Every structure is written in C-alpha cells, then in structure tokens.
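The values are calculated or read from the model by the stated rules, or taken from the named source; none is laboratory data. Treat the numbers as computed from the prediction; the structure is a model and nothing was measured. All Cβ positions, glycine included, derive from the backbone under ideal geometry; neighbour counts span all protein chains shown. With ligands, DNA and RNA removed, areas are computed over all heavy atoms of the protein, side chains included. Shrake-Rupley method; radii C 1.70, N 1.55, O 1.52, S 1.80 Å.
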Amino acid sequence: MAAKQTADGDMLVRIRDLEIDGITDETRVRIINKVDLDLKRGEVLGLIGESGAGKSTLGLAAMGFTRDGCEIVGGSVEFDGIDLVGATPDIRRQLLGKRIAYVAQSAAASFNPAHKIINQHSEAPLFHGLASRNDAEADAIELYRRLRLPNPDEIGFRYPHQVSGGQLQRAMTAMAMSCRPDLIIFDEPTTALDVTTQIEVLAAIREIVEQFQTAAIYITHDLAVVAQMADRVKVLLRGDEVEEADTRTMLEAPREDYTKSLWAVRSFQRPPKPAVKTGATPVISLRNVTAAYGDGDPVVRDVSFDIHEGRTVAVVGESGSGKSTTARCITGLLPPREGEIAFENTVLPADYRKRSVDQLRQVQMIYQMADTALNPRKRIGEIIGRPVEFYLGLKGAKKRRRVEQLLEQIEMEPGEYIDRLPSELSGGQKQRIGIARALAAEPKFIICDEVTSALDQLVAEGILKLLTRLQDEMKLSYMLITHDLSTVRAIADEVVVMKDGLIVEAGPKDEMFTPPHHAYTDLLLSSVPEMDPGWLDQLLEERGAENLGDAATSRM
C-alpha cells in the first residue's frame, strides 16, 4: 500500500504524553505510558505488539474513551482540534458514530441479538439526523454490496445469529461507515475470518477508506495483514512505544530488538511423526456423515476421516465449509442425518444426551473465544473444578489438588491464579484455562476450535507448544479447526480440506503443502498474506477484484 502524501494541516488526531492507568480497589497499574500519536486525514496507522501491549487501550483513547477500570491520568487527546479528554458527554455523543467509529474484534459479542442487522446499522444516521430510515437502509444495502456480502438486498433483515461470523464482521464494518466518519478504529477486524474471506474484507476496507479519505487506526497481531493496510506502523510493549516508521521501513529495517523478535515468531514446527501403523484403531472415526440444521439443505455431506492416537488432524476451509458443523456432530450437539461417529470402533449415540458419562468424558473441546467461553462470575478454581467433580467424582481437598495439578500442567502457578476471575487474566491465560478445563475430564480426544486465532503471534506460539507437549505426554488426539495455515504447518500431522460441506482433499501434511494441489487448496494457500506491502495489490491484480467479489458471492 503506497504511503499517502498529506500536509500537516490535514492532521486529524494528535495525542501527546498520554498516560492511562488500570485501577482496582487495591492497585493502580500503568497501561499506557507517555505515548504520542499523530494521524492525518486519509492515513492508516497500524498498532502492533503482543497481548497486553496497550494497543486496544490506545485505540479507544483516540476516541476519548476508556474501558471500565481505566482512567486517563495525563496527557492530551485532540480530534480535529477538539479536546476529547476534557469534552463533555454531549460533545462526545455528537462525535461518536458520526465522525468517529469503532469496529470491534468480536462482532458476535457486539451486535444486539434482539434486533435485525439493518436496524442496528441505521441507528447512528437516524440519531445524528443524517438520513431518513429509507435512505439509511438503502445505503446499508449499498455498503453490504461493496463489502461483498452475499444477498446484500436481504442479509441486513436477518438477526445476527442468522449469519456467519465473517459476514457479521463485514456488516459491522458497513455499520461503522454508515455516517462516513473521519476516523475508524479497526480492532482486529479480520481475526475471525478465513484467509479467502479475509482478502475480500481487507480489499473492501482499503477501497472504502481510500475513497472517503477516512483515517484509520488498524490494531492487529497479524504482521502480514498490517503490511497490506497501514501507511505507518507503531510498535507497543507493555504500554511503552518501542518505535514507529513507515510500513516498508518497519518491515525491512526495524531498529529495536523487540520489533525484530515480532518479525521472527511462528518459526515453531514440531518434528514429523512416524506413519500410522496399518490396522491401527482410530480414536475417532467419521463414516459418511451428512448433517443439516432443521429441515434445511445439508451443510456437511458424506464426510469421512479418521483421527488416530497422539495425532493432529487439521480441518481447514473457508467460512461455511462445514468445519464447525462436523465438530458439532462429533460432540453430539448436532445428530447427523446419515452416517455415524465411532470412538475406538464403538459407534457413539448421535445425540449427546444419550451418551454415557464416560463417552462424554472422552470427547472435549477448546473454544475459539476464551472471553465468552469462561463464566465471568466463576473463579478459575470453580471453572476447572466443575468437570473434575462431574467426570471424576472428586470433591473437597482432592478436587482442589487436582485443579492445582491441572494449572501446573498448563504452566500457570496455582497459588497465583486459582482464585482469580477470568477478567483478571490476559487472552493467552484465558485460553490456557480453556485447555485445562478440557484436560480436567481426562479425555483421549480434544477438538481445538480456532484456539490461536484471537491471540497475538508470541502468545499463539506458546499455546501451540503447550498443546504439543500435552499431546506427547498424554497421547492426546486433536482435531484442529483453523483458518491459519501457519498453525497447520506447525503442529498438524494430516490435513482435511473442506468446501461447501464436502471434503475436497485430504492427506498427510507434507503432501498437502506440496504441489500439485486441488484448485481450492491452491486458492487457500495463495491467500495467506505475505510480509510485503505490495502483496495484496499484486494478488488483486492477478485475480481481478471483480472476479474476487463474484467468487465471494457465489460460494455464500
């Protein structure tokens, strides 16, 4: 992405010596420490850094906002000459939504489930008196079309739960653009998207930002994505600014050791394992599974594959390919219409309610969004202790000791974490608790559903190493649902590629990543962003932006 030439008079956001503290009843912790930030109209600034660096806190501060428990204690935040720190609530209300917008990481947690998508889209332009309802809805449909959402004329009239996560993320981006704001904060907007959908969304975001000369702060842990989106990059570490430069300079010649370490992560790759012995009994076997929701058309069709002891099978494919539906069939949450699932050659009842406690115990799951998977009102000891009691029958001191052992297994000090609430943990720590909760049942098989997609690359590598160690020590079998092909390369033994509910290719990892590929596998591999600012432009030119959009619509 070429750097834009803008005059100093086009300065939109100016932050100086910003200090933000996190405050509890007992402690005060510095989250942002004397950070400066300048952003001109039409410019995109990338914010990167590991979990806890202060990226989201700084992005929100550019809106004059802090989360509960945080407080701006020093410095200034100016938006188009307006002091946001000292602004009245009424001034902020007139700015937010109209001139400043925010795109959250988790669209599913941000939309109101009781209202249709298009009604929520129209709220800001109606509130600010910028459009009638009919005009707001017509504009929403046009934005849906430009963001390459399927069936743009009708998708907005669905409820949030009736569309996929990738579609909802694009609908949120459209909602942020509803008033044509001067500034948008993008907080990990493509984290939940598969690589092919991500390309479409990135291209659409860039097109809209450039056309309307919208300034943007793009927060991400994906360095290859920030290379495509940002004119400049600022690196943060524990609330301090490490360095800042234009994107190409930052990628090719970072000054600081910490920045260089970010560029070098995700080098982990476990050694290959010996081939499965002929005649070995699979831990999990899917045999001609076809499944659907209600009376609808099948979303998984004639799916068959095996997962053996101590091995990882990665299931990859775009949104709507059937990955998560397959997992729901294995867990018994969605009984298949046809076919069967077997555990160690014993066919499991299709409905989990008909499975024995021991059958339930053997199949566990680690969820993608640890934030929503952990009960916010329960302490860590209770969260891990519940399956310990339910599956193993342990109570009292024996139960607590087992919980402590599980915390030690996931490399978290029991005395420090057992009595904490989830809100007191980082994203990576929450995901480790999700792993411990799955291990608490002492299963043989675990479904890992996008377990690193919401984590920065340093933390994600730690989670992958932990999963690998636990697999080796306990002979666990994993089904890895992911859209991150670097994760597949790191820990998978076999790969299953799905599209439109069908398996289009399957085999050992090394064979899957060696040409020739199935055409769809080749599309997935070619859609993985590279650390080159010109990569997205070149890809769009090769594929043709129009064809890219047509492909998106045709497969939804």
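Residue 455 meets the conditions (1) part of a helix (DSSP H, G or I); (2) at pLDDT below 95 in every case but one. The failed one is (1). Failed condition for residue 339, given (1) modelled with pLDDT of 95 or more; (2) open to solvent by less than 30 Å² (accessible area, probe 1.4 Å), with all others met? The single condition residue 339 does not satisfy is (2).
Look through 310, 339, 320, 294 and report the one residue that is without any contact (Cβ under 8 Å) to a residue 12 or more places away in the chain and either more than 30 Å from residue 235 (Cβ to Cβ) or touching an Asp or Glu at 6+ places or on another chain (Cβ under 9 Å) (or both).
It is 294.
Scan the stretch 184-197 and tell me whether some residue there is hydroxyl-bearing (Ser, Thr, Tyr), farther than 19 Å from residue 111 by Cα and out of contact with any His (no Cβ under 8 Å at 6 or more places or on another chain). Checking the stretch 184-197: at least one residue is hydroxyl-bearing (Ser, Thr, Tyr), farther than 19 Å from residue 111 by Cα and out of contact with any His (no Cβ under 8 Å at 6 or more places or on another chain).
For residue 372, the criteria (1) open to solvent by 70 Å² or more (accessible area, probe 1.4 Å); (2) modelled with pLDDT of 95 or more; (3) among the hydroxyl-bearing types (Ser, Thr, Tyr) hold in every case but one, which is (2).
All conditions in (1) modelled with pLDDT of 95 or more; (2) of a type outside the set (Phe, Trp, Tyr); (3) out of contact with any helix residue (DSSP H, G or I) (no Cβ under 9 Å at 6 or more places or on another chain); (4) surrounded by 22 or more Cβ atoms within 10 Å (Cβ to Cβ) hold for residue 55, with the sole exception of (1).
Contact annotation: residue pairs with Cβ atoms under 6 Å, 6 or more positions apart or on different chains, pairing a residue in the stretch 89-109 that is under 25 Å from residue 371 (Cα atoms) with a partner that is hydroxyl-bearing (Ser, Thr, Tyr) and open to solvent by less than 70 Å² (accessible area, probe 1.4 Å), are 103/173; 104/110; 105/191. Residues considered: 85, 77, 103. Of these, the only one that is at pLDDT 95 or above and either closer than 26 Å to residue 40 by Cβ or open to solvent by 70 Å² or more (accessible area, probe 1.4 Å) (or both) is 77.
State whether one or more residues within the stretch 330-348 are of a type in the set (A, V, I, L, M), closer than 19 Å to residue 453 by Cβ and in contact with a Leu (Cβ under 9 Å, 6 or more places away or on another chain). The answer is no, given that none of the residues of the stretch 330-348 is of a type in the set (A, V, I, L, M), closer than 19 Å to residue 453 by Cβ and in contact with a Leu (Cβ under 9 Å, 6 or more places away or on another chain). With respect to being surrounded by 18 or more Cβ atoms within 10 Å (Cβ to Cβ), more than 18 Å from residue 52 (Cβ to Cβ) and of a type in the set (Asp, Glu), residue 449 fits the description.
Just one residue in the set 260, 277 is outside any strand (DSSP E or B), touching a Pro at 6+ places or on another chain (Cβ under 9 Å), without any contact (Cβ under 8 Å) to a residue 24 or more places away in the chain and not polar (S, T, N, Q); that residue is 260. Contact map, the stretch 21-40: residues that are crowded, with 16+ Cβ neighbours inside 10 Å paired with residues that are among the hydroxyl-bearing types (Ser, Thr, Tyr) and assigned to a loop (DSSP other than H, G, I, E, B), Cβ distance under 8 Å, separation 6+ or inter-chain. Pairs shown: 40/6. Could you check the stretch 61-74 and list, in sequence order, the residues that are among the aliphatic types (A, V, I, L, M) and open to solvent by 10 Å² or more (accessible area, probe 1.4 Å)? Answer for the stretch 61-74, where residues must be among the aliphatic types (A, V, I, L, M) and open to solvent by 10 Å² or more (accessible area, probe 1.4 Å): 63, 72, 73.
Results for (1) under 26 Å from the mean Cα position of the chain (by Cα); (2) surrounded by fewer than 17 Cβ atoms within 10 Å (Cβ to Cβ); (3) among the hydroxyl-bearing types (Ser, Thr, Tyr), shown as yes or no for each residue.
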| site | (1), (2), (3) |
| --- | --- |
| 251 | yes, no, no |
| 255 | no, yes, no |
| 259 | yes, no, yes |
| 263 | yes, yes, no |
| 277 | no, yes, no |
| 285 | no, no, yes |
| 294 | no, yes, no |
| 304 | no, yes, yes |
| 319 | yes, no, yes |
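Within the stretch 382-417, if we keep just the residues that are at pLDDT 95 or above, not in a helix (DSSP H, G or I) and not charged (D, E, K, R), the residue that is surrounded by the fewest Cβ atoms within 10 Å (Cβ to Cβ) turns out to be 393.
Yes or no: residue 238 buried (at least 18 other Cβ atoms within 10 Å of the Cβ), touching a residue at least 12 places away in the same chain (Cβ under 8 Å) and of a type in the set (Lys, Arg)? Criteria not met by residue 238. Here is the figure for the stretch 191-225: residues that are under 13 Å from residue 456 (Cα atoms), among the β-branched types (Val, Ile, Thr) and either outside any loop (DSSP other than H, G, I, E, B) or open to solvent by 10 Å² or more (accessible area, probe 1.4 Å) (or both) total 3. Listed by position, the strands (runs of 3 or more DSSP E) enclosed by the stretch 460-549 that each have at least 1 residues that are open to solvent by 20 Å² or more (accessible area, probe 1.4 Å) are 494-499, 502-508.
Count of the stretch 106-144 residues, restricted to those that are among the basic types (Lys, Arg) and open to solvent by less than 40 Å² (accessible area, probe 1.4 Å), is 0.
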